[in-house]
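All remarks here apply to the structure that follows.
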Ligand code: HMN
């Protein structure tokens with residue numbers, strides 16, 4: 001199966017008491033299914049996965065798969081710092097209608113590269129589904145070289161890479177050296193540049209509120225319209241700058257609530273609460289139809 005395309009990294013709506021709000025979750029999944037995107041990347045950083053228990057992460061995967069329409073490609077993020085926990089999540093995702101799994105490189109404890117390769121093989125085996133390796137040096141703290149990324153892409157069962165890095169030279173090298181693999185751009189603020197460097201699609205949090213713009217950026221690049229792609233990326237980045245200022249996850253939830261797609265904007269502590277100043281910035285962008 002070809003996984004290339006654009007995917008929204010899903011959010012997990014919470015009630016004020018930090019329990020998962022099922023109605024909001026279903027509503028957001030339906031909204032994303034009607035956005036023209038190719039699929040959903042479920043249970044990743046944007047979903048506050050590392051603030052949730054393993055049971056909650058499995059429940060979120062279940063609820064999303066139930067609410068999603070059949071035309072969406074579903075990727076389950078099962079990454080964790082523990083191989084054992086990742087295997088539990090992978091086994092659960094393996095039994096659900098997900099087309100692939102993905103896992104961020106384990107963080108916090110230093111892991112030798114051989115152990116990292118074994119981690120991915122074990123998780124792939126537990127799921128019995130194709131794996132998308134998730135490289136995110138800034139948060140995961142693991143700075144993989146191009147050669148190491150190539151080695152990970154050559155593990156049995158690895159079909160793709162989610163490259164959340166602003167290193168566009170590495171993006172070009174990895175896509176050139178692995179033409180048969182899918183490589184996703186992971187930072188929305190450089191989608192146009194990532195696609196020019198060779199990415200075959202993107203996965204991002206801000207796609208939840210600017211799906212059409214991301215689709216248009218990809219279309220502009222694929223039709224050799226660099227000027228149009230730059231203009232659209234600049235529009236996108238005005239919004240992304242405001243979200244980064246507010247805190248990306250709380251900011252996205254705030255916008256989705258203002259637009260009536262979810263009713264509860266709460267995040268898991270200790271994530272930020274959006275300040276009045278940032279609310280005003282986001283409100284102005286909503287009023288100006290930027291999102
Ligand atoms: C996920 O794991 O949920 C996402 O795929 C992560 C995604 O790459 C986002 N990265 C982070 O949140 C760190 C981006 O969409 C990011 O939010 C966006 O580029 C704004 O910086």
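Specify the inter-centroid distance of the stretch 5-72 and the stretch 227-288, based on alpha-carbon positions, in whole Å. If you average the Cα positions of each part, the centres end up 18 Å apart. I want the antiparallel fraction of DSSP beta bridges within the chain, as a percent rounded to 5. Taking every DSSP beta bridge with both residues in the chain, the antiparallel ones total about 5 percent.
Under the rule of -39500 (n - 2.57) per DSSP H run of 4 or more residues, summed and divided by the residues of the chain, what mean residue ellipticity at 222 nm is obtained, to the nearest 500 deg cm²/dmol? Working shown, then result.
On the way: 12 runs with 141 residues, N = 291.
Rounded to the nearest 500, the figure is -15000 deg cm²/dmol.
Of the beta bridges DSSP finds with both residues in the stretch 1-141, what % are antiparallel, to the nearest 5?
So the antiparallel bridges amount to about 5 percent of the total.
Pairwise Cα distances in the chain exceed 35 Å in 12 percent of cases.
From the Cα gyration tensor of the stretch 1-95, with a ≥ b ≥ c the square roots of its eigenvalues, which class applies: rounded if a/c is under 1.5, or else prolate if a/b is larger than b/c, or else oblate?
Numbers: a/c = 1.90, a/b = 1.15, b/c = 1.65.
Oblate, because a/c is 1.5 or more while a/b does not exceed b/c.
Which shape class applies to the stretch 204-259: rounded if a/c is under 1.5, otherwise prolate when a/b exceeds b/c and oblate if not, where a ≥ b ≥ c are the square roots of the Cα gyration tensor eigenvalues?
Numbers: a/c = 3.24, a/b = 2.15, b/c = 1.51.
Prolate.
How long are the semi-axes of the equivalent ellipsoid of the stretch 68-127, defined as square roots of 5 times the Cα gyration tensor eigenvalues? Whole Å, largest first.
Working: eigenvalues 111, 22, 16 Å².
Each semi-axis is the square root of five times an eigenvalue, giving 24, 10, 9 Å.
Packing around the peptides 187-193, 139-145, 209-215, taken as the average count of other Cβ atoms within 10 Å per residue, puts them in this order, highest first: 187-193, 209-215, 139-145. Size check on the stretch 31-184: the Cα extents along the three principal axes, sorted descending, read 39, 33, 26 Å.
Report relative contact order for the stretch 5-223 in percent, whole number only (criteria: Cα-Cα under 8 Å, sequence separation at least 6). Don't skip to the answer; put the middle values down first.
Values: 416 pairs, mean separation 41.0, N = 219.
Once normalised by length, the contact order is 19 percent.
Computed from the coordinates by the stated procedures, all read-outs in this text should not be read as laboratory data. These numbers come from a predicted model, not from an experiment. For neighbour counting, all protein chains shown are included, and Cβ atoms are generated from backbone atoms with ideal geometry for every residue, glycine included.
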